Each structure stands twice: as structure tokens, then as C-alpha cells.
Amino acid sequence: MDEANPQTFADVFTRLEREGVRYVVTSGVAVVLHGHVRPVADLDVVIDPSPGEAEHALRALAGCGFVPSIPLPLTMLTVLRMFDHSGREVDVFVRYHVPFDQLWANAQRVGVGDCVARIVSLEHLLLAKRINGRPHDLSDIAALLALGVGGQGPTPA
């Protein structure tokens, strides 16, 4: 899949929410949901790394048709790349720049079409983008900051 948007993953958000998965959307989709409209290639989610919760998240994603790109246990990984038959990609992070409990506590639930997604706080998103420091991360930071306080941020669900 060449280009996606948050609605591309509506079925994923619906399933994660319905099944009570502890996840937080980060990276490009979160940038878009915070108000800077730009293309996205995939969905990045950080999941609760505790073994039972992590397996719960993987089962929910499998229910949406996603399969892991490599057959390794999550305990050996930082991120697991998953694909579905249409070529959509979900990157599942079990380790992240910000501890999961902090991400979860500060995350926002926002509307995405007819569903809801839990997205990373702007503060944590900017921190992760600064740590990564790639050219597109720096561009995202500048665009999000340019939106300012009165910018078009996420609409709480």
C-alpha cells in the first residue's frame, strides 16, 4: 500500500477498541489526527508490553487479517511489522521512547470517521519525533508547532 490515511485503519481501531486492547497510536497517523494533514504509509501502535496484553493485541490484529512479517516472539523485539492481504502495514511497538503507562495515561481518544482511536498526546508525539530526528520527523514537528494552540487539533471522542 503506497498511501493511507487514518480512515484506512478504521476496522483496526474498531476491533482494538471493541476488544479492550491497551494501545496508543503514534507516528504519522497521530500527526494527522493532531491536525497536520499529510500522507501516511502505515499505522504505528505502541501496545501494553505485559505478556497477556501483548498477546491480546496480536490476536485482535490477527482478527483484522494481519500476520507478522517474522516469526519471533514479542519478547525478542522492539517492533513487529505486520501486513494484511491488501498490503496495509501495522508496526506494533512493545518498547518505545516513552514508557507505555505514561503514553496510556496521557493518550486522547479521538474520532476517526465512525470510530474512535486512542492517540499519543502531542507532548509525547513531539518528544518521540525529536528523539528520532529524521528529516520527516523534524518536518512534522515544525508543522505541528505551526498549528499553534488555536490550531486544528484532535476532536475528542
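The values are calculated or read from the model by the stated rules, or taken from the named source; none is laboratory data. Note that the coordinates shown come from a computational prediction; the quantities given were computed from them, not determined experimentally. Methodologically, a virtual Cβ is constructed for each residue, glycine included, from the backbone with ideal geometry; neighbour enumeration extends over all protein chains shown. Accessible surface is based on the protein model in full, side chains and every heavy atom, while ligands, DNA and RNA are left aside. Shrake-Rupley method; radii C 1.70, N 1.55, O 1.52, S 1.80 Å.
Assigning unit charges at the beta carbon (Lys, Arg +1; Asp, Glu -1) and nothing else, what dipole magnitude in debye, to the nearest 20, does the chain show about its Cα centre?
I would put it at about 220 debye.
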* To do: Beta carbons within 10 angstrom, averaged per residue: use that to sort the peptides 5-17, 133-145, highest first.
  => 5-17, 133-145
* Asked: How compact and how long is region 34-157, expressed as Rg and Dmax of its alpha-carbon atoms in Å?
  -> 15.2, 45
* Asked: What ranking of M82, M76 comes out by heavy-atom accessible area, probe 1.4 Å, highest first?
  -> M76, M82
* Asked: Given +1 on the Cβ of Lys and Arg, -1 on the Cβ of Asp and Glu, and no further charges, what dipole in debye does region 1-56 carry about its Cα centre, rounded to the nearest 20?
  -> 200
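In whole percent, what relative contact order does region 26-157 give with Cα contacts below 8 Å and a gap of six or more residues?
28
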* Structure fact -> Note, region 40-50: 3J(HN,Hα) by Karplus (6.51, -1.76, 1.60, θ = phi - 60°), whole Hz, Gly/Pro = x, goes 10, 9, 8, 10, 9, 10, 9, 10, 4, x, 4
* Asked: What FRET efficiency, computed as 1/(1 + (r/R0)^6) with R0 = 30 Å and r the Cβ-Cβ distance, is obtained for F83 and S50, rounded to the nearest 0.05?
  -> 0.75
* Asked: In deg cm²/dmol and to the nearest 500, what is the mean residue ellipticity at 222 nm of the chain if only DSSP H runs of at least 4 residues count, each as -39500 (n - 2.57), divided by the residue total?
  -> -11000 deg cm²/dmol
